């Protein structure tokens, strides 16, 4: 089985980032925006691990630690955004972000 090199990981990461950016730019749904943002964060975590594996010292795990930090940050961000989306839905009966022009009652 051939080994995947750094270039393979970077191509997958670029694809994840591009898909996530496309979702963030084109979608109006808040849940879809959250999914796109998660794809962007996952591509960054993949870059951290790939660069640490192929360019860092073999006994250090800095990339993996950064990836774990990104995953924890994404989980906290998802919880906060979900609360905001639920509040938005309660106020406007829609999860489209362009309909939320005012957050006042």
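What follows is calculated from the coordinates using simple rules that are stated; it is not laboratory data. Predicted model, so just to flag it, every value in this text is computed and none were measured. Positions of Cβ are generated from backbone atoms using ideal geometry, with glycine treated the same way; all protein chains shown enter the neighbour counts.
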At 0.36 nm per residue, and after removing the present C-alpha to C-alpha distance, how many nm does the segment from residue 29 to residue 90 gain when stretched out fully? 20.5 nm
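Sort 43-56, 71-84, 19-32 by the packing proxy (mean of other Cβ within 10 Å over each peptide's residues), most packed first.
On the way: 43-56: 17.6, 71-84: 12.7, 19-32: 14.9.
Ranking, from highest mean packing down: 43-56, 19-32, 71-84.
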In degrees, nearest ten, helix 30-55 long axis to first principal axis of the chain (Cα): 10
Using just the helices of the chain, give the 222 nm mean residue ellipticity in deg cm²/dmol: DSSP H runs with n ≥ 4 each add -39,500 (n - 2.57), and the total is spread over all residues, rounded to 500. -26500 deg cm²/dmol
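Please arrange 98, 62 by counting, for each residue, the other beta carbons lying within 10 Å of its beta carbon, fewest first. Kindly include the intermediate steps, with their values, before the conclusion.
Numbers: 98 8, 62 13.
Lowest count first: 98, 62.
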Of (1) 35, 15, 8; (2) 19, 16, 12; (3) 42, 17, 16, which is the value of semi-axes √(5λ) of the Cα gyration tensor in Å derived from the coordinates here? (1)
In degrees, nearest 10, range 0 to 90: what is the angle between the Cα axis of helix 62-92 and the longest Cα principal axis of the chain? 10
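Among 99, 38, 3, what is the fewest-to-most ranking by other Cβ atoms within 10 Å? Before the final figure, lay out each step's value.
Values: 99 12, 38 19, 3 5.
Going from least to most buried by this count: 3, 99, 38.
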